[in-house]
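Student: Take this structure, written in structure tokens, and hold onto it; I'll ask about it next.
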Amino acid sequence: MEQDIRASLQLDSLPERVSHPSTALSLAGLVVLLLLLTLVRSWLKGPKGKSVLILGPCGSGKTTLFLQLRDSSIHQGTVASMQENVDTIPIQLPNGSSKLVQLVDVPGHPRVRGKFRTYLDKTRGIIYIVDAVDFTPHKTATAEQLYEVLEQGLVRKRRMPVLLVCNKGDQGAKAHTTSFIQKQFEKEIDQLRSTRRTLGDSAAADLLPKADMPFTFEALSKARGAQVSCCGASAKSGLYSFTRLGFSNDRMS
Amino acid sequence: MLDYFAIFSKGGALLWAFQLTALRGTPVDALVRTCLLEERSGESSWTYVPPQGAGYTLKWTLHNGLGLVFVAVYQRTLKLLYIDQLLAGVKEAFTVQYKPKCFEYPGFEKRFQAILTNCEARADDKQLPQQLRPKGASGALQKGSRPKGAGAQREAGDKKSSEEDSSEDDALTTQMIRDPAASTGSMTELDAPDGSSDSPGSGSPTAAPGTSKQAGFDQGRLQKMLGSPAPRSKTNATRRKTSDTGGPKKKGAEAKPKKKEARKWGKGTASSDGETLDFSEKVEGGSGSENEQAIDLSMKSRVDADEEDDLDIIADLKEEGSAAGVGSGKPTGGLLSSFVRNISMSVTGTAALTADDISPALVGLKRKLMERNVAEDVAGKLCFSVASQLEGQKLGSFTRVSTMVAGALEEALTRILTPRRSIDILREVRAAQAQGRPYVMVFVGVNGVGKSTNLAKVTYWLLQNGLRPCIAACDTFRSGAVEQLKTHCTRLNVPLYERGYEKDPAKVAAEAIAHAKRQKYDVLLVDTAGRMQDNEPLMRALSSLINLNHPDLVLFVGEALVGNDAVDQLTKFNQRLADLARSATPHTIDGLLVTKADTVDDKVGAMISMVYVSSAPIMFIGCGQTYVDLKRLNIKSVVRSLLK
């Protein structure tokens, strides 16, 4: 074995004292130890990311919410996003302490919304915003997008909590109620599950173990431990109660 | 004049806006969604038509280093020559004032007004002396004869609506508005404004002032100006001849008079009467039935097979891209300065990219794309769009220009291939079932691409997923088409609705839909005859089939072997479907089915051309000649084989 070590480290070219076998062995041991340490460190650091993703279909108010949370005002308004907005903000928790959270607002356009997968590694929770006013014409596409988020491997494995926000509640009677939207989502995802399962999609089977049970968010929480909660909001007028509710749900404390 | 000017960040926050009049609809949102995110940011302008009211033209410029977009919106009927200068001037002025998290720019409005008045004054000065020049032949009919596509967005992407043509037409319009009494503007007046504005390729290509002395309308000049190909009359006549052979035959068959037949009396029956007196039920398929046996559905269609997801493709891609990439930048101003520049760009990442840095890498990548069978102008537009998004960006440290360009191109290709609408057909079938009607899919395409074969493959897949399909044979022209479908139906044990040959396909399709609804079938697949995109009467027939029957899905079947013709095919198909529709929202191509993909190993570029031109997602890929050879699109592997 010493011969092998010598050959691999090209010890013949090194000066005499270094080519002593014990020094060579200790060098090798040091390298291995360093390697192990870095591995252990990264493993320990592990899934404790600090990001909260803001996802949702086009025009639902993601960038508005982002600006509201970061700057407490929406300034001049927003247009359709082409790129994601990433920033770190301090969040006031109900117990008084404040924590730094990285907010990521991913555009809703179908061509670019897949970028959220690159941020999933550091995510602790997901906010999924929908437009409560203009909900019914797009409910199928929106439910499909939510389904794609829920079926991601990392989301299921780490049981990331998802907060469903029904935005644009400031429009009063025109906005659908939270319970209505929740039921519509559950129906749509139930249908998606059955069609996706026939396509051989194994994630669909994992989403809810029993096939015959209708899909509800409560059943998902019980089965998978991933909490999906819903609430209404209005990003334009800025709701601090929402913030507290949202982030205590996300188990940030 | 100018209706609206906005500056916003790429993340979506509006930084500054200047509003002269209230806008109808949401032009800026539509621009981002349908143009900038669809890899068309290299185009010079874009048209938006709101739900009510006249359309707008939008022009924009990007500042990639800071991530800003500058957009100018004005009425579509106007031609404002100073917009490009205005955009450049505002970009310069705002870049100086911009601070990353600042949203208030109070002093900027004055500066903007100054730049605007300056640009307007300069444009007026250029226009003024030309008004007094002698007017040539009238181009009065040019505005009216421009092809009126129903979707105005298509005009921006159309090969005819380059900056020069639209500028000539619109300048003529403004000219006509100004002096309607005098004979309308000639092309000579356009030479000077075009020459001095910043539009690319500004010399008007069709100016032939020497021939414009006639007073009458000159069709030759019109065609030259519109850039159309050789006069169509000759070729149309030959094409019509070939398509009309079907017509007279039909008429001849119907016009044959019925002769009176003698009644047969008496007990004595001749042997020939044996057939007429045989009322027993005939076995389906006749004498050829021993060759066809129903196939079993046990072999799983490859649509549902999981494709392996290579996560380390990106790493491989970057390595290979940098290895094959062209060197970064050409020497500007001596060896030492270029060396310093290279170091500052690739190592420390401080200098911003310029067009000169990007173009060598892009030229190499464009050539590579064309080698992989991407259509030439699609590859050109794509590279232009990537260049416009990269210019001004800073390189990260220790990255080469070629790596960054390859990365940007890879992202752009992935974005193009990502579907914009759902490709889950089973879900849509369920939705149609819930409404109590069959889900109707129509297969269209040119001759010989494999419509009937792939229709059978899709039927096989639907059968495996537990649905009850029915096939309608609306190819009433090609000999043997109905029999081919009969064979497929016998093997798959699926009902066929056919009415033989020489019938109107639209009517056969309508009857088939009614039949499927009555019998409660889940899906109805309609096979149509192949037709060339230039064939007027056949395209009209196809359009009437689709617009009369309102199918749920129009699938364009294209082969992976097609080259530059893919662009032409899809553009013309979509255009015909849009032009001949009676309603305001025409039904254009919803999805693509790419066939014969097993014959092209790496050269999958036809998929990019087709998706770029039509914006329709690829639903299926046909990769063989048996029933199971139907797959879904795997974006990563296609992008990898394109940039290998």
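The values are calculated or read from the model by the stated rules, or taken from the named source; none is laboratory data. Only a predicted model underlies this, so the values are computations on that prediction, with no experimental measurement involved. Because the Cβ atoms are built from the backbone with ideal geometry, glycine has one as well, and the counts that use them run over all protein chains shown.
Student: Looking at B:Ala581, B:Ala566 in this structure, which one is in contact with a His (Cβ under 8 Å, 6 or more places away or on another chain) and over 20 Å from B:Leu455 (Cβ atoms)?
Tutor: Checking each option against the conditions leaves just B:Ala581.
Student: Taking region B:448-473 only, how many residues are more than 14 Å from chain A (Cβ to nearest Cβ), more than 26 Å from the chain's Cα centre (by Cα) and not in a helix (DSSP H, G or I)?
Tutor: 6
Student: Only residues that are aliphatic (A, V, I, L, M) and over 37 Å from the mean Cα position of the chain (by Cα): list them for region B:111-126, please.
Tutor: B:Ala114, B:Ile115, B:Ala121
Student: Looking at B:Leu58 and the list (1) in contact with an Asp or Glu (Cβ under 9 Å, 6 or more places away or on another chain); (2) under 22 Å from A:Gly108 (Cβ atoms); (3) more than 11 Å from chain A (Cβ to nearest Cβ), which single condition is not satisfied?
Tutor: B:Leu58 satisfies all of (1) in contact with an Asp or Glu (Cβ under 9 Å, 6 or more places away or on another chain); (2) under 22 Å from A:Gly108 (Cβ atoms); (3) more than 11 Å from chain A (Cβ to nearest Cβ) except (1).
Student: So how many residues does region B:586-606 have that are polar (S, T, N, Q) and at pLDDT below 90?
Tutor: 2
Student: So A:Lys174 fits all but one of (1) of a type outside the set (Gly, Ala, Ser); (2) touching a residue at least 12 places away in the same chain (Cβ under 8 Å); (3) under 22 Å from A:Gln83 (Cβ atoms); what number is the exception?
Tutor: The number of the failed condition is (3).
Student: Can I ask one more? Of the numbered conditions (1) modelled with pLDDT under 65; (2) touching a strand residue (DSSP E or B) at 6+ places or on another chain (Cβ under 8 Å); (3) assigned to a loop (DSSP other than H, G, I, E, B), A:Ala211 satisfies every one except a single condition; which is it?
Tutor: With (1) modelled with pLDDT under 65; (2) touching a strand residue (DSSP E or B) at 6+ places or on another chain (Cβ under 8 Å); (3) assigned to a loop (DSSP other than H, G, I, E, B) applied to A:Ala211, the lone miss is (2).
Student: Quickly run through region B:597-615 and pick out the residues that are more than 17 Å from B:Leu642 (Cα to Cα) and touching a strand residue (DSSP E or B) at 6+ places or on another chain (Cβ under 9 Å).
Tutor: B:Ser614
Student: Is it true that B:Arg367 is more than 30 Å from B:Leu553 (Cβ to Cβ), more than 12 Å from chain A (Cβ to nearest Cβ) and of a type outside the set (Ser, Thr, Tyr)?
Tutor: Yes: the conditions hold for B:Arg367.
Here's the yes/no breakdown for (1) assigned by TED's automatic domain parsing to the domain that holds B:Ser543; (2) part of a strand (DSSP E or B); (3) within 22 Å of B:Ser422 (Cα to Cα):
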{"position": "B:Ala597", "(1), (2), (3)": "yes, no, no"}
{"position": "B:Val600", "(1), (2), (3)": "yes, no, no"}
{"position": "B:Lys603", "(1), (2), (3)": "yes, no, no"}
{"position": "B:Ala606", "(1), (2), (3)": "yes, no, yes"}
{"position": "B:Tyr612", "(1), (2), (3)": "yes, no, yes"}
{"position": "B:Ala616", "(1), (2), (3)": "yes, no, yes"}
{"position": "B:Phe620", "(1), (2), (3)": "yes, yes, yes"}
{"position": "B:Val639", "(1), (2), (3)": "no, no, yes"}
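Here's the yes/no breakdown for (1) at pLDDT 85 or above; (2) surrounded by 17 or more Cβ atoms within 10 Å (Cβ to Cβ):
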| residue | (1), (2) |
| --- | --- |
| B:Asp309 | no, no |
| B:Gly333 | no, no |
| B:Phe339 | no, no |
| B:Thr354 | no, no |
| B:Glu371 | yes, no |
| B:Val374 | yes, yes |
| B:Gly380 | yes, no |
| B:Cys383 | yes, yes |
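Student: Scan region B:470-500 for residues that are among the β-branched types (Val, Ile, Thr) and either outside the structural domain of B:Met441 (by TED's automatic domain parsing) or touching a residue at least 24 places away in the same chain (Cβ under 8 Å) (or both) and jot them down.
Tutor: Those that are among the β-branched types (Val, Ile, Thr) and either outside the structural domain of B:Met441 (by TED's automatic domain parsing) or touching a residue at least 24 places away in the same chain (Cβ under 8 Å) (or both): B:Ile471, B:Thr476, B:Thr487, B:Thr490, B:Val494.
Student: On to the next question. For region B:12-37, how many residues meet the condition of being closer than 21 Å to B:Arg420 by Cβ and either more than 7 Å from chain A (Cβ to nearest Cβ) or more than 17 Å from the chain's Cα centre (by Cα) (or both)?
Tutor: The qualifying residues number 11.
Student: Quick one: which of B:Ala22, B:Ala30, B:Ala13, B:Ala54 is small (Gly, Ala, Ser), in contact with a Leu (Cβ under 9 Å, 6 or more places away or on another chain) and surrounded by fewer than 22 Cβ atoms within 10 Å (Cβ to Cβ)?
Tutor: The conditions single out B:Ala30.
Student: Then there's this: Could you tell me which residue of region A:152-192 is surrounded by the most Cβ atoms within 10 Å (Cβ to Cβ), considering only residues that are within 14 Å of another protein chain (Cβ to nearest Cβ) and charged (D, E, K, R)?
Tutor: A:Glu188
Student: Let me ask something additional. Filtering region A:51-70 down to residues that are aliphatic (A, V, I, L, M) and more than 12 Å from every other protein chain (Cβ to nearest Cβ), which residue is nearest to A:Gln102 (Cα to Cα)?
Tutor: A:Val52
The rows are residues; the columns are (1) within 15 Å of the chain's Cα centre (by Cα); (2) in a helix (DSSP H, G or I); (3) not assigned by TED's automatic domain parsing to the domain that holds B:Gly466.
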| site | (1), (2), (3) |
| --- | --- |
| B:Ser543 | no, yes, no |
| B:Val557 | yes, no, no |
| B:Arg576 | yes, yes, no |
| B:Arg582 | no, no, no |
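Student: Sticking with this one: Considering B:Ser609, B:Ser615, which residue is at pLDDT 85 or above and in contact with a helix residue (DSSP H, G or I) (Cβ under 6 Å, 6 or more places away or on another chain)?
Tutor: B:Ser609
Student: For region B:392-429, give me each residue that is in a helix (DSSP H, G or I) and basic (Lys, Arg).
Tutor: B:Arg415, B:Arg427
Student: Here's another thing I want to ask about it. Search region B:579-608 for residues being touching a Leu at 6+ places or on another chain (Cβ under 8 Å) and among the small types (Gly, Ala, Ser), and hand back the single one that is nearest to B:Arg372 (Cα to Cα).
Tutor: Per the stated criteria, the residue is B:Gly605.
Student: Find the strands (runs of 3 or more DSSP E) located wholly in region A:83-151 whose residues include 3 or more that are within 14 Å of chain B (Cβ to nearest Cβ) and touching an Asp or Glu at 6+ places or on another chain (Cβ under 7 Å), and list them.
Tutor: It comes to A:98-105.
Student: Tell me, please, whether a residue that is within 14 Å of another protein chain (Cβ to nearest Cβ), in contact with an Asp or Glu (Cβ under 9 Å, 6 or more places away or on another chain) and at pLDDT 85 or above can be found in region B:390-412.
Tutor: Checked region B:390-412: at least one residue is within 14 Å of another protein chain (Cβ to nearest Cβ), in contact with an Asp or Glu (Cβ under 9 Å, 6 or more places away or on another chain) and at pLDDT 85 or above.
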